Amino acid sequence: MGKYRYIKLFEEVNKEDIDLVGGKGANLGELTQMGLDVPPGFCVTAQAYDYFIEYTQLNDFVKELIERLDPDNPDSLTLISNTLQDKLNESKIPEDLLAEISEAYKDFSKKVNLIDPQVAVRSSATAEDLPDASFAGQQDTYLHINGEEELVKHIRKCWASLWTARAIYYREKQKFDHFDVALSVVVQKMVNSEKSGVMFTANPVSQNLNEMMINASYGLGEAVVSGMVTPDEYIVDKTTKKIIEENIAEKNVMVIKSDDGVGTKLVDVKDLLGEEAVAAECLTHEELDTLIDYGLKIEQLYNNIQDIEWGFDGDTKKLYILQSRPITTIKEDKKEELIVLAKGLAASPGIGRGRVKNVENLNNINQVEDGDILVTGMTNPDMVPAMRKCAGVITDEGGRTCHAAIVSRELGIPCVVGAKDASKKLKTGQFVTLDATRGVVYKGDVLRSKVKKETEAEAGAGGSFAITDELKTLLAPITATKIYMNLGEPSLIDKYKHLPFDGIGLMRTEFIFTNMIGAHPMYLVKTGQTELLVEKLAEGISTVASAIYPKQLTVRMSDFRTNEFRGLKGGEEVEPLEQNPMIGWRGVSRYISPEYEEGFRLECQALKKVREEFGLKNVVAMLPFVRTPAELIEAKEIMASEGLVQGVDFKIWIMAEVPSVVFMADEFAQLVDGFSIGSNDLTQLVMGADRDSGILNNMGYFDERNEAVKRAIKILIDAANRHGITISICGQGPSQYPELAEFLVEQGITSISVNPDTVDYTRRLVAGVEQKLLLKSIRNK
């Protein structure tokens, strides 16, 4: 019998005590009793939670609300969740339970020889990690908490997290009795990890039981587990303990303790550890050897393959095991040999498999069939119809913002770019598997088990609970910063319209020209087919505008470069040959040129048709690649002459992507209703770094987080806010780099527009940043 009634030390529990301390607490107790280096701590038991509920007479209150719950009604779910959490957070904790928590924390302080030691406070649901449940991640975790008052506050928060909208909905759909699930809270000494990560004692990708995988990065493990950073990755032969494959990543961010000592914050690795640390190997050979030995030992002790969270303490340099759980997705009889054929940059995540179609030029693009893997030097707009058929795309050249990357993300197909000589290595007819999450191309039909694992993780352990787009929208946090979505292909709006976005921040009309019109605007003028352009462009825009009405649709007028326009029917007759089309005749300079003005007028007529004939007034026009105020004024005059007059009912935005707009931001802000920062072109032009250069991408030159680019962005945000106009950004940067999203919100960006695959993630990221800024503001008062 222990000292406490409602508290259990790690030394007092094991795997048989899940009902008392939950899956997390039981695992930590088991590891402690095995003699492994686990940070000491204790569990506030599930009995304590039950006692708290009984003492405050909350059971009847909870039951009454749950009986009124309609889980498929967002308002009902949100209202009941908020009401329950508020009630739990304001209800009084019994004095004897408070006294036990206080005494346990004091005893713990003596044990670790610290005054008010910092702890991690983690929820541990009693149904978590059971074979027929998937509660992991449904409740909360808090890091770097110290002092009795903060500890009690965060224990209460963990209890309340049992009643979040997501947790309630999950239990309803899985048909779990809400009152069969209780919550223990794990209180554990905070390890100030300078390096941390995850170790699998079997290869989770290949399912090879003779290999282990180690993921490692700087700072606390939260960055690795949540996917904020791409970690270093090692594949180890368990028999020889030799590393048989290693991938050293660019580790751009790390999570560390907050300046005020409570909670955590995200920082740039280069700012804290220096530029050279970003691409350097974070673990020493000695640390790797220690990890390997510990992994093998833990697997032997459990007699089962394990998923282990670990951290090297920054003060003592000692390895601590933070958690270990069995891997349940690998079968003993399943082994898979992986042969790597090519590697590149992961540009659009996912796994694709099929037969290679090596496309050297457009002459053989028609050979691409449904389910093929398209391999080429670099894609262009003429290849989009073929890309729509593909199971995946691989290019020799390009970075994460090149044509192939942007279009693949738009179409939702896996893509690896910058794979160097892939087009020479991969032969037409060869069957390959493309892992575009890691940027690797494998020989043959492999990784089936990995896809199954990821599908089950999404669907829930029993496979009956799907995290649908509707559910994501239902449970999405509310943000002051609007989260917009980028779109090009109108037909995809039905696939994405249920995502939690506030509108379309960038609709690229180039897809409509390529797929629905197929001819150069001036060729249509020349041949008397202007009505075709107006009708088809209006059809494409209205398809999206009507699907999301009344949400805003921001339509970017055509931004083809000369080399891209030449690919359209009749284009070769009217388009010049330019040495550098990226900074050539494009955007507004094209609209006001006599050689294209008629084409621009047709685009305006299509937009007017959508707004006036179809009544879709939610459409906003955006002009790309603006260089001077004079050309902007001239373009607006052309638009007005076609019936698109800027005013309360019709807004005009511009893409802020040329440095001249940055230097003259105040002048431009007085001419338009909004800026949308084109971070890809802006970074390219500020840094003098070709966005399609795989070499410069790999060297780190093309990076929106560069200080010069951030200063340019700040100038644009400040000017927009001074003049009271919208300031948005479209590009992958905010969803790819959480610290950039934090910077943008801090500076006062009003909206962020991202590709469909990152809408949900970005909304949650921005919500966290806004909450953090709000807390900082309150604390500073």
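The values are calculated or read from the model by the stated rules, or taken from the named source; none is laboratory data. Just so it is clear, the structure is predicted and the values come from calculations on it, not from any experiment. Backbone-built Cβ (ideal geometry, glycine too); neighbour counts: all protein chains shown. These accessible areas exclude ligands, DNA and RNA; they are computed on the full protein's heavy atoms, side chains included. Shrake-Rupley method; radii C 1.70, N 1.55, O 1.52, S 1.80 Å.
A few comments on the model shown:
- Count of residues meeting criterion [modelled with pLDDT under 85 and buried (at least 22 other Cβ atoms within 10 Å of the Cβ)] in region 349-362: 0
- Checked against (1) open to solvent by 60 Å² or more (accessible area, probe 1.4 Å); (2) closer than 22 Å to GLY488 by Cα; (3) out of contact with any Leu (no Cβ under 7 Å at 6 or more places or on another chain), LYS609 passes all but a single condition, namely (1).
- Restricted to helices (runs of 4 or more DSSP H) entirely inside region 164-280, those with at least 2 residues that are more than 21 Å from the chain's Cα centre (by Cα), more than 23 Å from ASP435 (Cβ to Cβ) and modelled with pLDDT under 85 are 165-174.
- Complete set of residues in region 79-90 that are of a type in the set (A, V, I, L, M) and either free of Cβ contacts under 8 Å to residues at least 24 places away in the same chain or not in a helix (DSSP H, G or I) (or both): LEU79
- Check on ARG400, closer than 28 Å to GLN736 by Cα, of a type in the set (D, E, K, R) and touching a helix residue (DSSP H, G or I) at 6+ places or on another chain (Cβ under 8 Å): yes
- Scanning region 284-321 for residues that are among the aliphatic types (A, V, I, L, M) and at pLDDT 90 or above yields LEU288, LEU291, ILE292, LEU296, ILE298, ILE305, ILE308, LEU319, ILE321.
- Filter result (in a helix (DSSP H, G or I) and either hydroxyl-bearing (Ser, Thr, Tyr) or open to solvent by 70 Å² or more (accessible area, probe 1.4 Å) (or both)) within region 49-78: TYR49, ASP50, TYR51, GLU54, TYR55, ASP60, LYS63, GLU64, GLU67, ASP75, SER76, THR78
- Lone qualifier among GLU637, GLU631, GLU657, GLU704 - being acidic (Asp, Glu) and open to solvent by 30 Å² or more (accessible area, probe 1.4 Å): GLU637
- Qualifying residue in region 22-30 (condition: at positive phi, in a helix (DSSP H, G or I) and open to solvent by less than 30 Å² (accessible area, probe 1.4 Å)): yes
- Here region 750-768 is the region considered, the condition is being hydrophobic (A, V, I, L, M, F, W, C) and open to solvent by less than 10 Å² (accessible area, probe 1.4 Å), and the residue that is farthest from THR401 (Cα to Cα) is ALA767.
- Considering region 137-163, and only residues there that are out of contact with any Pro (no Cβ under 9 Å at 6 or more places or on another chain), outside any helix (DSSP H, G or I) and not aliphatic (A, V, I, L, M), the residue that is surrounded by the fewest Cβ atoms within 10 Å (Cβ to Cβ) turns out to be GLY137.
- Candidate set: region 640-654, residues that are of a type in the set (A, V, I, L, M) and over 18 Å from GLY678 (Cβ atoms); chosen: the one least open to solvent (accessible area, probe 1.4 Å): LEU644
- Residues that are open to solvent by less than 70 Å² (accessible area, probe 1.4 Å) and free of Cβ contacts under 8 Å to residues at least 60 places away in the same chain, drawn from region 108-126: SER109
- Counting only helices (runs of 4 or more DSSP H) that sit completely within region 694-781, those holding 1 or more residues that are touching a helix residue (DSSP H, G or I) at 6+ places or on another chain (Cβ under 6 Å), within 20 Å of LEU266 (Cβ to Cβ) and touching a residue at least 24 places away in the same chain (Cβ under 8 Å) correspond to 707-723, 733-736, 738-747, 759-779.
- Where a residue in region 666-686 is open to solvent by 10 Å² or more (accessible area, probe 1.4 Å) and its partner, wherever it lies, is modelled with pLDDT under 95 and among the basic types (Lys, Arg), with Cβ under 7 Å and at least six apart: ASN680/ARG691; GLN684/ARG691
- Residues considered: ILE101, ILE93. Of these, the only one that is over 34 Å from the mean Cα position of the chain (by Cα), assigned to a loop (DSSP other than H, G, I, E, B) and within 23 Å of HIS154 (Cβ to Cβ) is ILE93.
- Taken over region 373-396, the residue count meeting the criterion of being in a loop (DSSP other than H, G, I, E, B), open to solvent by less than 30 Å² (accessible area, probe 1.4 Å) and in contact with an Asp or Glu (Cβ under 6 Å, 6 or more places away or on another chain) is 2.
- Odd one out for ASP370 among (1) part of a loop (DSSP other than H, G, I, E, B); (2) touching a strand residue (DSSP E or B) at 6+ places or on another chain (Cβ under 7 Å): (2)
- Hey, ASN515 open to solvent by less than 20 Å² (accessible area, probe 1.4 Å) and either among the polar types (S, T, N, Q) or free of Cβ contacts under 8 Å to residues at least 12 places away in the same chain (or both) or not: no
Conditions (1) of a type in the set (Val, Ile, Thr); (2) within 23 Å of LEU143 (Cα to Cα), marked per residue:
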position	(1), (2)
VAL278	yes, no
CYS282	no, yes
ILE292	yes, no
GLY295	no, no
LEU301	no, no
GLY314	no, yes
LEU322	no, yes
